Amino acid sequence: MMIRSILTILLIAPLVAAPQQSDYYQRQEIPLPPGEVMEIGSIAMLPGQKIAVATRRGDVWICDGAYADDLTKVTWKKFAQGLHEPFGMFWKDGWLWMTQRPEVSRIKDTDGDGLADTYETICDKWGINGDYHEYAFGTDPDKEGNIWVTLCLTGSAGAGSDWRGWCMRVTPDGKMIPTCSGIRSPGGIGFNAEGDAFYCDNQGLWNGSSSLKWLKPGSFQGNPTGNKFHKLANLPAPPDVTSGSRVLAERKKFPEFIPPAVVLPHGKMGQSPTAVAADTTDGKFGPWKNQLYIGEQCHSQVQRVCLEKVNGIYQGAVFHFLEGFEAGLIPLRIDPSGIIFTGGSNRGWASRGSKPFTFERVKWTGKTPFEMLTMSATVDGFEVTFTEPVDAAAAANVANYSMDAWTYILQSSYGSPEVDKATQKITAAVVSADKMKVRLTVDGRVQGHVHHLQLNNIKAASGQEMWHPEAYYTLNEIPTK
């Protein structure tokens, strides 16, 4: 009799399925030109819902039909060839502007036959040699029309060409402005919704873990390898940091040392971050207005970042977001209509994707996942907002939360283990009246550490399960009010 009653309950009780990415976001591969090697390094939006992509091998193709429901009708036309690994491209006033390995340039079709016939160099004032790792990543124009360019170190560890390890601004008339030093191995660069520039630096020498970094003009980003080039522009010497130290200790000595805005814990939040793109779709891609999306090459993913400024310094949390892409992601573009276009390559670094290159799009289904929308620091802990009302009883139970923290060694050798570990005690969880927020009182927070928050048994008031129950918050500054 008891068994029958249990079976009856199971049959009539509503079943809440575990969240799946396909419930919320539809990822689709866009067919590529047959027989072509399309290792996509740049994506630009063109008039008429056309898309330009530049490949690592130096070709530029124009895609028509990438917005359509029926992707079998996509067409391609080669627009240019012979370029040098463009990593950053945009359309402006009839020109395709791009950051190539040796220069910022622009190309145009002047006779209307669909092929570029005019190639102009805008700026080529940095050094380059035959080293495979001397990449250059460029942005769209900023509010003043400048293109920001990050220059990877030679071999990711040396500075064998001028200005390696620096960020430059290139003005519309071709002037190069040295802007930031201390860069190691960028994988992408972009702006937040406010117009501040950020780039992703990869784990390695002087980078204990990969991270999202704020390119505040005049700042030092942590790697001293390219410091010698300050003499080229008669700039003050960047900091000579101490190997074996910590970022917090060194930035206390050097105010120009800007700490990573968000550390991306190695292996946990990917291993090789790339593109930086702000969600300025005003809700057309979900509730993530003005947050940043970070491409990930090795894990073939897109992570989500929410930022805040405390005491004039950016910091914030990173959350898992999208996965399952078919190659290592390099560029990421968000169309105002609410579509993400991305592409990539597996050449040089393996990825979880099963293909050597890919071009894909992601659309929001219109269904919002139950997630942590934001995580922000408070005077005595953190405040978490949700995408919909939370189950108040579960959210008020401190046993449903756990937190630990760590940092990394700032050192001249490659990477770092997680060090100076600490475990925090969550002593209170207060749910807001509208059930959209919970304020956590936390004992034992550590300035400069990554704080890992794990939510357990937290569901929405509707019964929907949380899609991603973890967050990693980089606590550069502790609020005082």
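The values are calculated or read from the model by the stated rules, or taken from the named source; none is laboratory data. Bear in mind the structure is a predicted one, so any value in this text is a computation, not a measurement. Here the Cβ is made from the backbone with ideal geometry for all residues, glycine too, and neighbour counts use every protein chain on show.
If we scan segment 345-361, do we find a residue that is out of contact with any Pro (no Cβ under 8 Å at 6 or more places or on another chain), of a type outside the set (Ser, Thr, Tyr) and within 25 Å of Asn456 (Cβ to Cβ)?
no
Find the residue count for segment 346-376, including only residues that are over 30 Å from Glu308 (Cβ atoms) and of a type in the set (S, T, N, Q).
4
Every residue in segment 129-172 that is in a loop (DSSP other than H, G, I, E, B), farther than 23 Å from Gly190 by Cβ and without any contact (Cβ under 8 Å) to a residue 40 or more places away in the chain, please. Please lay out each step first, then the result.
Start the filter on segment 129-172 by keeping residues that are in a loop (DSSP other than H, G, I, E, B), which leaves 129-135, 142-146, 152-153, 155-157, 159-165, 171-172.
After this cut, where a residue has to be farther than 23 Å from Gly190 by Cβ as well, the list is 129-132, 155, 157, 159-162.
Asn129, Gly130, Asp131, Gly155, Gly160, Ser161 - these are the residues of segment 129-172 that are in a loop (DSSP other than H, G, I, E, B), farther than 23 Å from Gly190 by Cβ and without any contact (Cβ under 8 Å) to a residue 40 or more places away in the chain.
So, in segment 68-83, how many residues would count as being surrounded by fewer than 18 Cβ atoms within 10 Å (Cβ to Cβ) and assigned to a loop (DSSP other than H, G, I, E, B)?
Residues that pass the stated criteria total 5.
So Asp64 passes all but one of these: (1) free of Cβ contacts under 8 Å to residues at least 24 places away in the same chain; (2) charged (D, E, K, R); (3) farther than 20 Å from Arg361 by Cβ. Which condition number does it fail?
(3)
Show me the strands (runs of 3 or more DSSP E) found entirely inside segment 401-481 where at least 1 residues are more than 27 Å from the chain's Cα centre (by Cα).
Those strands (runs of 3 or more DSSP E) span 418-431, 437-443.
Name the single residue, out of those in segment 179-238 being out of contact with any strand residue (DSSP E or B) (no Cβ under 9 Å at 6 or more places or on another chain) and part of a helix (DSSP H, G or I), that is farthest from Gln315 (Cα to Cα).
Lys231
Among (1) at pLDDT 95 or above; (2) among the aliphatic types (A, V, I, L, M); (3) out of contact with any helix residue (DSSP H, G or I) (no Cβ under 8 Å at 6 or more places or on another chain); (4) in a loop (DSSP other than H, G, I, E, B), there is one condition Val241 misses while meeting the rest; what is its number?
So the condition that Val241 fails would be (3).
Answer yes or no as to whether Gly58 is over 18 Å from Thr358 (Cβ atoms), touching a residue at least 60 places away in the same chain (Cβ under 8 Å) and within 27 Å of the chain's Cα centre (by Cα). Explain how you work it out, then say what you get.
Numbers: over 18 Å from Thr358 (Cβ atoms): yes; touching a residue at least 60 places away in the same chain (Cβ under 8 Å): no; within 27 Å of the chain's Cα centre (by Cα): yes.
Taking the combined requirement at face value, the residue does not satisfy it.
Check Ser181, Ser219, Ser185, Ser209 and return the single one that is among the polar types (S, T, N, Q), within 20 Å of Asp420 (Cβ to Cβ) and not assigned by TED's automatic domain parsing to the domain that holds Val450.
Working: Ser181 fails: within 20 Å of Asp420 (Cβ to Cβ); Ser219 fails: within 20 Å of Asp420 (Cβ to Cβ); Ser185 fails: within 20 Å of Asp420 (Cβ to Cβ).
That would be Ser209, the only listed residue that is among the polar types (S, T, N, Q), within 20 Å of Asp420 (Cβ to Cβ) and not assigned by TED's automatic domain parsing to the domain that holds Val450.
Out of the residues in segment 349-377 that are closer than 30 Å to Arg439 by Cα and of a type in the set (Ser, Thr, Tyr), which is farthest from the chain's Cα centre (by Cα)? Steps first, answer last, please.
Looking only at segment 349-377, we keep the residues that are closer than 30 Å to Arg439 by Cα, and these are 364, 366-377.
Applying the additional criterion that residues be of a type in the set (Ser, Thr, Tyr) yields 368, 374, 376.
Values: Thr368: 21, Thr374: 16, Ser376: 19 Å.
The residue in question is Thr368.
Consider only pairs whose beta carbons are under 6 Å apart and that are at least six residues apart or on different chains; among these, list those whose first residue lies in segment 67-93 and is polar (S, T, N, Q) and whose second residue is part of a strand (DSSP E or B) and surrounded by 12 or more Cβ atoms within 10 Å (Cβ to Cβ).
Within 6 Å, the pairs are Thr75/Asp64.
Quick one: in segment 141-150, of everything that is under 20 Å from the mean Cα position of the chain (by Cα) and surrounded by fewer than 18 Cβ atoms within 10 Å (Cβ to Cβ), which residue is nearest to Lys213 (Cα to Cα)? Outline the logic, then answer.
The first filter runs over segment 141-150 and keeps only residues under 20 Å from the mean Cα position of the chain (by Cα), leaving 141-142, 147-150.
Checking the rest, the ones that are also surrounded by fewer than 18 Cβ atoms within 10 Å (Cβ to Cβ) come to 141-142.
Values: Pro141: 19, Asp142: 17 Å.
Among them, the one singled out is Asp142.
Scanning segment 319-375 for residues that are of a type in the set (Phe, Trp, Tyr) and under 23 Å from Gly41 (Cβ atoms), which turns out surrounded by the fewest Cβ atoms within 10 Å (Cβ to Cβ)?
Let us first name the residues in segment 319-375 that are of a type in the set (Phe, Trp, Tyr), namely 319, 321, 325, 341, 349, 357, 359, 364, 370.
Now restrict to residues that are under 23 Å from Gly41 (Cβ atoms): 321, 325, 341, 349, 357, 359.
Values: Phe321: 23, Phe325: 27, Phe341: 23, Trp349: 13, Phe357: 22, Phe359: 26.
Only one residue tops the list, namely Trp349.
Being among the hydrophobic types (A, V, I, L, M, F, W, C) and more than 30 Å from Thr368 (Cα to Cα) is the filter here; which residues of segment 18-39 pass it?
We begin by selecting, within segment 18-39, every residue among the hydrophobic types (A, V, I, L, M, F, W, C); these are 18, 30, 32, 37-38.
The answer is Leu32, Val37, Met38.
If you go through segment 277-300 one residue at a time, do you hit one that is touching a residue at least 24 places away in the same chain (Cβ under 8 Å), surrounded by fewer than 21 Cβ atoms within 10 Å (Cβ to Cβ), of a type in the set (A, V, I, L, M, F, W, C) and in contact with an Asp or Glu (Cβ under 7 Å, 6 or more places away or on another chain)?
No, segment 277-300 has no match at all.
Is there a residue in segment 433-456 that is crowded, with 16+ Cβ neighbours inside 10 Å, in contact with a helix residue (DSSP H, G or I) (Cβ under 8 Å, 6 or more places away or on another chain) and under 17 Å from Val262 (Cβ atoms)?
yes
Output yes when any residue across segment 113-124 is over 26 Å from Ala327 (Cβ atoms), of a type in the set (S, T, N, Q) and out of contact with any helix residue (DSSP H, G or I) (no Cβ under 9 Å at 6 or more places or on another chain), and no when none is.
yes
Restricting the search to segment 324-354, which residues are among the basic types (Lys, Arg) and under 25 Å from Ala68 (Cα atoms)?
To start, the set of residues in segment 324-354 that are among the basic types (Lys, Arg) comprises 333, 347, 352.
Within segment 324-354, just Arg333 meets the criteria.
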